[in-house]
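Below you'll find the structure, written out as structure tokens, and then a few comments.
The values are calculated or read from the model by the stated rules, or taken from the named source; none is laboratory data. Computed from a prediction, not measured in an experiment: that's the story for all the values here. Positions of Cβ are backbone-derived with ideal geometry, glycine not excepted, and every protein chain shown enters the neighbour counts. Areas reflect the complete protein model, heavy atoms only, side chains present, ligands, DNA and RNA absent. Shrake-Rupley method; radii C 1.70, N 1.55, O 1.52, S 1.80 Å.
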Amino acid sequence: MGATVHSPLVTYASVISLLTLCPPFVILLWYTMTLADGSVSETFHYLRQNGLQGLLHIWPTPTPTACKIIAVYAAFEAALQLLLPGKTVYGPISPTGHRPVYKANGLQAYFVTLITYFALWWFGIFNPTIVYHHLGEIYSALIFGSFLFCVFLYIKGHLAPSSTDSGSSGNLIIDFYWGMELYPRIGKHFDIKVFTNCRFGMMSWAVLALTYCIKQYEENGKVADSMLVNTALMLVYVTKFFWWEAGYWSTMDIAHDRAGFYICWGCLVWVPSVYTSPGMYLVNHPVNLGIKLALSILVAGILCIYINYDCDRQRQEFRRTNGKGTVWGKAPSKIEATYTTTSGETKRSLLLTSGWWGLSRHFHYVPEILAAFFWTVPALFEHFLPYFYVIFLTILLFDRAKRDDDRCRSKYGKYWKLYCDKVPYRIIPGIY
């Protein structure tokens with residue numbers, strides 16, 4: 001599925017750029033945020049003087065400590081995923097008719113993780129600042145480790161696929177990059193994508209947000225209000241994610257994108273580094289916003305996260321009640337579409353055209369981008385780099401909206417045209 005959306009040329013370009021540009025970018029981001037005062041020009045100046053040799057000089061070697069931290073964290077999260085109780089949830093039926101079964105224990109795992117991490121610090125058993133001091137080595141180890149992990153996924157996809165939803169495109173690079181399996185598992189119950197995307201990637205976001213906060217506290221004896229707003233909003237966002245985790249399992253990431261380098265590397269390396277970068281910057285740049293500004297940003301951010309959640313909830317309810325419920329207090333307007341599966345069956349689907357989903361086809365991306373802006377803006381505007389995540393997210397979501405629209409156009413045909421006539425804007429109502 002992933003492979004059919006993108007031409008080989010696009011794939012080659014993105015593979016080569018991801019393999020050659022993203023790893024150094026992650027290291028340079030870390031270096032700039034922690035050692036070059038957050039100044040892009042300082043890093044650029046350093047690289048211009050020292051060239052490739054300079055990059056290799058600042059590139060940290062993965063140390064045993066870093067590897068140990070990653071291993072303990074990964075094992076802890078894997079254990080929670082397997083052992084914590086949770087209700088059984090079914091994913092969407094795949095094109096080959098396979099229906100994945102999950103155990104929804106994300107919220108429990110999330111609270112256990114945060115409470116454990118905080119307790120380890122509080123009782124003096126493990127100091128989170130150790131993670132901060134070894135951050136460069138951790139990213140370096142993740143860069144190499146996740147590459148090996150993707151090689152494992154590639155081999156597994158060839159030799160021992162977990163379900164019928166797998167297969168080769170006949171091209172090694174495309175298979176490696178876009179993935180071979182849609183739902184890879186180890187054994188019957190350990191779902192690899194739930195682990196990489198949710199329990200390793202998203203969980204690390206919360207863990208690192210807390211780490212940065214604790215680091216600033218240990219350094220300065222207090223936490224600046226800017227850091228509090230940033231950490232609070234990131235934690236609210238990640239809490240929302242785990243609260244809604246079962247809903248995430250029916251989104252594009254899980255139900256359409258196969259487990260390959262593109263998605264796994266992103267969750268194992270890009271999320272812990274780029275997504276957490278505004279907090280990483282704030283550690284050494286404590287900005288004092290004052291109570292009024294801090295509270296305004298906090299409230300605006302929480303509102304955006306709530307709207308983002310409510311969009312998803314509205315669509316989920318609409319699907320669950322088969323279009324019978326109410327949307328914003330009245331009966332929803334909808335389009336009944338039929339489509340044909342790969343096996344030739346005709347199925348029907350309901351497309352919601354009112355509520356948040358009547359504003360634009362992907363309106364939920366607007367509050368998501370704004371929320372990211374609100375947890376970055378406590379850094380104010382002294383440096384550009386903290387805003388990289390917001391810019392990246394905007395590009396990512398606009399691309400995803402386009403990919404999703406293309407997929408739906410080929411799936412629904414004339415019904416999609418009807419739908420687009422009714423909801424003409426893709427993301428920003430009235431503009432785009």
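A few remarks follow.
- Enumeration of residues in region 179-196 that are surrounded by fewer than 17 Cβ atoms within 10 Å (Cβ to Cβ) and at negative phi: Ile186, Lys188, His189, Phe190
- Residue in region 122-130 that is at pLDDT 95 or above and among the polar types (S, T, N, Q) present: yes
- Residues that are touching a residue at least 40 places away in the same chain (Cβ under 8 Å) and farther than 17 Å from Val207 by Cα, drawn from region 138-156: Ser140, Ala141, Ile143, Phe144, Gly145, Ser146, Phe147, Phe149, Cys150, Leu153, Tyr154
- Residue within region 216-235 that is within 20 Å of the chain's Cα centre (by Cα), β-branched (Val, Ile, Thr) and under 30 Å from Gly157 (Cβ atoms) present: no
- Test result for Gly301, of a type outside the set (Phe, Trp, Tyr) and on the phi > 0 side of the Ramachandran plot: no
- Residue count for region 29-60, restricted to those that are touching a residue at least 12 places away in the same chain (Cβ under 8 Å) and part of a loop (DSSP other than H, G, I, E, B): 6
- Test set (1) within 19 Å of Trp270 (Cα to Cα); (2) of a type in the set (Ser, Thr, Tyr); (3) surrounded by 13 or more Cβ atoms within 10 Å (Cβ to Cβ) - Thr65 fails condition number: (1)
- Search result, residues across region 73-106 that are open to solvent by less than 40 Å² (accessible area, probe 1.4 Å), in contact (Cβ under 8 Å) with a residue 40 or more places away in the chain and aliphatic (A, V, I, L, M): Ala74, Ala78, Leu80, Val89, Ala104
- Check on Lys215, open to solvent by 10 Å² or more (accessible area, probe 1.4 Å) and within 24 Å of Pro128 (Cα to Cα): yes
- Among the residues of region 386-431, the ones that are modelled with pLDDT under 90 and of a type in the set (Phe, Trp, Tyr) come to 0 in all.
- If you check Thr353, Thr346, Thr340 for being among the β-branched types (Val, Ile, Thr) and at pLDDT 90 or above, only one passes: Thr353.
- The set of residues from region 90-130 being farther than 30 Å from Gly167 by Cα and within 21 Å of the chain's Cα centre (by Cα) comprises Leu107, Gln108, Ala109, Tyr110, Phe111, Val112, Thr113, Leu114.
- Residues being part of a helix (DSSP H, G or I) and open to solvent by 50 Å² or more (accessible area, probe 1.4 Å) - total across region 160-178: 2
- If the condition is being of a type in the set (Asp, Glu), buried (at least 19 other Cβ atoms within 10 Å of the Cβ) and within 23 Å of Thr88 (Cβ to Cβ), then region 245-277 contributes only Glu245.
- Note on region 291-347: residues that are open to solvent by 90 Å² or more (accessible area, probe 1.4 Å) and assigned to a loop (DSSP other than H, G, I, E, B) total 5.
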